[in-house]
1. For the range 149-164, name all the residues that are more than 9 Å from residue 228 (Cα to Cα), among the aliphatic types (A, V, I, L, M) and surrounded by 24 or more Cβ atoms within 10 Å (Cβ to Cβ).
2. For residue 127, indicate whether it is touching a residue at least 12 places away in the same chain (Cβ under 8 Å), farther than 23 Å from residue 41 by Cα, buried (at least 16 other Cβ atoms within 10 Å of the Cβ) and out of contact with any helix residue (DSSP H, G or I) (no Cβ under 8 Å at 6 or more places or on another chain).
3. If residue 201 satisfies all but one of (1) loosely packed, with under 14 Cβ neighbours inside 10 Å; (2) over 18 Å from the mean Cα position of the chain (by Cα); (3) closer than 30 Å to residue 107 by Cα, what's the number of the condition it fails?
4. Could you tell me whether residue 118 is at pLDDT below 95, part of a helix (DSSP H, G or I), crowded, with 17+ Cβ neighbours inside 10 Å and touching a strand residue (DSSP E or B) at 6+ places or on another chain (Cβ under 9 Å)?
5. Test of understanding: among 249, 245, 208, 219, which residue is β-branched (Val, Ile, Thr) and without any contact (Cβ under 8 Å) to a residue 24 or more places away in the chain?
6. Residues in the range 58-89 that are in contact with a Phe, Trp or Tyr (Cβ under 9 Å, 6 or more places away or on another chain), surrounded by 18 or more Cβ atoms within 10 Å (Cβ to Cβ) and in contact (Cβ under 8 Å) with a residue 60 or more places away in the chain: how many?
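The values are calculated or read from the model by the stated rules, or taken from the named source; none is laboratory data. Fair warning: this is a prediction, and the values are worked out from it, not measured in the lab. A quick note on method: Cβ atoms are made from the backbone with ideal geometry, for glycine too, and the neighbour counts reach across all protein chains shown.
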Amino acid sequence: MHDGVWLQNLTWEEVRDRIPASRETVIVPVGSTEQHGPHLPVGTDTMVANALASAGAAEAGVLVAPPLWFGWSPHHMVLPGTITIRPEVLVELVFDVVGSLHHHGFRRFVLLNGHRIVNVTWLQIVGERAKRELGARVVIFDPAFMSKEFAASEGWGAVGHAEEIEGSHMWHCYPDLVKMDRAVDNPHRSPPLYHVDPAYPGDTLCYVPSTAAEMRAAVDAAGGATGEPSKASPEGGARYHRHLVDRLVAVIRALQA
């Protein structure tokens with residue numbers, strides 16, 4: 001992690017001086033705290049957002065706001081360690097974060113989402129409001145959308161939960177926190193029309209989170225995971241991370257143009 005890009009590590013004078021140098025650009029990482037099977041920590045979504053934000057900010061010369069460790073996770077309340085926040089509360093919270101940063105001179109915002117489709121809907125509300133009320137420039141960076149063509153090249157399956165994609169990324173970024181010997185595969189069933197993976201070629205992303213009862217099947221099959229974490233590798237995670245950091249830097253450069 002690149003300590004010098006994080007807002008919380010700087011004095012107010014350092015922040016003031018870095019705003020022009022960053023071209024008034026800041027990354028706001030947003031994740032979740034929720035069960036990720038028996039092999040990944042409950043902070044996975046926020047940790048991967050932090051890793052991407054830190055690396056991208058260091059390469060692009062921008063700052064990163066303190067992360068939001070909570071997301072909308074009602075479906076994962078089936079297992080302990082999960083903390084879910086109502087989306088209407090999250091909208092107000094992140095809008096206040098953006099508003100505070102805007103007050104002090106930041107004008108360009110990358111909302112970096114580590115919690116996949118579940119966070120995207122309310123982040124869109126935050127972004128639209130910030131553009132309309134503050135005149136800010138806002139983009140959402142979501143790893144699943146920004147890597148649609150990548151998983152197949154690694155032999156990975158579709159986006160699931162705590163699967164080979166998240167497992168590989170965490171294995172690369174936080175190897176000491178990964179327990180792949182505890183992972184259990186729970187292969188995807190063929191979806192009739194709906195799937196949370198942006199790369200799915202059929203109808204997709206009209207997503208309604210599952211209930212805790214509906215999640216029980218994933219708990220019984222694989223301790224809460226969906227997908228095939230046995231396909232994970234730290235080498236694949238390194239390639240995936242590099243792909244996403246390159247995309248993040250390109251997004252930042254476009255936002256600053």
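1. 159 - this is the single residue of the range 149-164 that is more than 9 Å from residue 228 (Cα to Cα), among the aliphatic types (A, V, I, L, M) and surrounded by 24 or more Cβ atoms within 10 Å (Cβ to Cβ).
2. yes
3. The failed condition is (3).
4. In short, yes.
5. 208
6. Adding up the residues that qualify gives 1.
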